[in-house]
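Worksheet: one structure, shown below.
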Amino acid sequence: MSARRSSPGTSLGFLVKVETDSGVSGLGEAYWGAGVAELVHKAKPLLLGEDPTKIVKLFDVMVRCLSGEGSQAGATVTAISGIEIALWDLLGRALKLPISTFFGGRFRDKIRIYADCHAGATPDPADYAKKARAVVANGFSAIKFDLDTRNPHTIDVSDDPNPRRQWFEPFNRVIGSREMLWMVDVVRAVREAVGPEIMVAMDAHWKFNVNDAIKLAQALEPFDLLWLEDPIPPENIEAQRHVTHSTKTPICTGENLYRKHVYRELIEKQAARIIAPDIPKMGGLAEAKKVADHADMYYIPIAPHNVASPIGTVAGAHVCAAMNNFLVMEFHAQDVPWWDALVVGGPTIVDGFIHLDDRPGHGLTLNEDVARAHLKPGSSFFGDTP
Ligand code: MG
């Protein structure tokens, strides 16, 4: 099943349930996306009759048997991620242990989350500052804004009325001089609004060319950003490395990579200062822990990208608790009024931290009424006829 976010165009993930003949079940979540639910159902015969405690073996079986569907990256890996998370929850419930136990136990019981923030349709720097102050007043100690939203100084060569497509004009990835100054003004306004103690990150969604990305990152150095995310397109690791090594502003990337092998080059070339795997998308809990451990050999922190419901968020928080190099995790649901109500029993979020407890698995129970009320049109409730 998938739960739909209240704002159009963005969904929470697909929830995945694994049931056993002993009556214990597990609930996981896969990142949203076309084909993911179909691929979850396609994997079902690979699990029927198997021992659900053999999680890493089942992961390997799914990767091998779904290779034709594309299990190196993309929707197939995302579907497997949701099943894998459900299996860890199931194991926790069977053994009456929290998920974090299976990854070596916790370095911390509180997981810092950062608020993904939006300043409005056509914001100016003062709107960013106002929003930043409001979110910090709600208790968050870490925030992130989009720096690539519509800039009043963008030289727009398109008449396209769709603002999402307008963001990608012009196609040459150039930042004009006035655009650059506007972005610097935005970051200055946010930093001055929240003071030096608040973690402030900015996201550029792969928009710029290498040289302008370096100019921007260097211009933002006085404002002590937590990171500048995805200033250039993601495909070329050498280009990532060049940008990263050309500025004191930390460069973060990784939300669209899949499985440990694809993070290997990014880590070993030290092409990012901070890595942002999306756990219910890139392979699941064990795969994220392997990426984190690999990154830790290069002393690179992990800051998971996250747009999940409470299920994927708290399951991810359990593995983050077991990563010594965990930095902060995304919280993308400030504008989803029913996010908390989707589950019974938490998560407990206080002053910008998810507080973990010792309940079995991830500890959450789905509120089925709320889930049914927010089913994505055309999707089913765990395979039931809608
Ligand atoms: Mg991003």
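Some observations on this one:
- Residue within region 271-283 that is more than 27 Å from residue 132 (Cα to Cα) and open to solvent by 20 Å² or more (accessible area, probe 1.4 Å) present: no
- Some residue of region 336-358 being open to solvent by 10 Å² or more (accessible area, probe 1.4 Å) and part of a helix (DSSP H, G or I): yes
- The lone criterion from (1) within 16 Å of the ligand (Cβ to nearest atom); (2) more than 17 Å from the chain's Cα centre (by Cα) left unmet by residue 186 is number (1).
- Out of 267, 232, 300, sole residue that is closer than 24 Å to residue 148 by Cα and in contact with a helix residue (DSSP H, G or I) (Cβ under 7 Å, 6 or more places away or on another chain): 232
- Scanning region 246-260 turns up no residue that is part of a helix (DSSP H, G or I) and β-branched (Val, Ile, Thr).
- Selected residue (only one of 58, 15, 39 is touching a Ser or Thr at 6+ places or on another chain (Cβ under 6 Å) and assigned by TED's automatic domain parsing to the domain that holds residue 88): 39
- On the stretch given as region 91-101, residues that are of a type in the set (Val, Ile, Thr) and open to solvent by less than 30 Å² (accessible area, probe 1.4 Å) total 1.
- Qualifying position, being touching a Phe, Trp or Tyr at 6+ places or on another chain (Cβ under 8 Å), open to solvent by less than 10 Å² (accessible area, probe 1.4 Å) and not assigned by TED's automatic domain parsing to the domain that holds residue 16, among 317, 303: 303
- Whenever a residue of region 90-118 is assigned to a loop (DSSP other than H, G, I, E, B), its partners that are open to solvent by 60 Å² or more (accessible area, probe 1.4 Å) and not hydroxyl-bearing (Ser, Thr, Tyr), lying with C-beta atoms within less than 7 angstrom and at least six residues away or across chains, give the pairs 107/324; 109/355.
- Checking each residue in region 227-244 for being in contact with a Cys (Cβ under 8 Å, 6 or more places away or on another chain) and in a loop (DSSP other than H, G, I, E, B) picks out only 230.
- Single residue of 229, 268 found to be surrounded by fewer than 21 Cβ atoms within 10 Å (Cβ to Cβ) and on the phi < 0 side of the Ramachandran plot: 268
- Failed criterion for residue 111 (all others in (1) at pLDDT 95 or above; (2) open to solvent by 10 Å² or more (accessible area, probe 1.4 Å) hold): (2)
- Checking each residue in region 309-355 for being among the acidic types (Asp, Glu) and at pLDDT below 95 picks out 335, 340, 351.
- Residue in region 268-291 that is assigned to a helix (DSSP H, G or I), within 16 Å of the ligand (Cβ to nearest atom) and farther than 24 Å from residue 98 by Cα present: no
- Within region 183-222, tally of residues that are in a helix (DSSP H, G or I), without any contact (Cβ under 8 Å) to a residue 40 or more places away in the chain and open to solvent by 10 Å² or more (accessible area, probe 1.4 Å): 10
- In the set (1) away from the ligand (no atom under 15 Å from the Cβ); (2) more than 27 Å from residue 83 (Cα to Cα); (3) at pLDDT 95 or above, residue 235 fails one condition alone, (3).
- Condition check for residue 104: open to solvent by 10 Å² or more (accessible area, probe 1.4 Å), within 17 Å of residue 318 (Cβ to Cβ) and not aromatic (Phe, Trp, Tyr): yes
- When residues of region 137-182 are limited to those that are modelled with pLDDT under 70 and outside any loop (DSSP other than H, G, I, E, B), the one surrounded by the most Cβ atoms within 10 Å (Cβ to Cβ): 166
- Residue that is nearest to residue 209 (Cα to Cα), among those in region 238-267 that are hydrophobic (A, V, I, L, M, F, W, C) and within 14 Å of the ligand (Cβ to nearest atom): 251
The values are calculated or read from the model by the stated rules, or taken from the named source; none is laboratory data. These numbers come from a predicted model, not from an experiment. Ideal geometry is used to build each Cβ from the backbone, glycine not excepted, and the neighbour counts take in all protein chains shown. Each accessible area value is taken on the protein alone, full model and side chains, heavy atoms only, with ligands, DNA and RNA left out. Shrake-Rupley method; radii C 1.70, N 1.55, O 1.52, S 1.80 Å.
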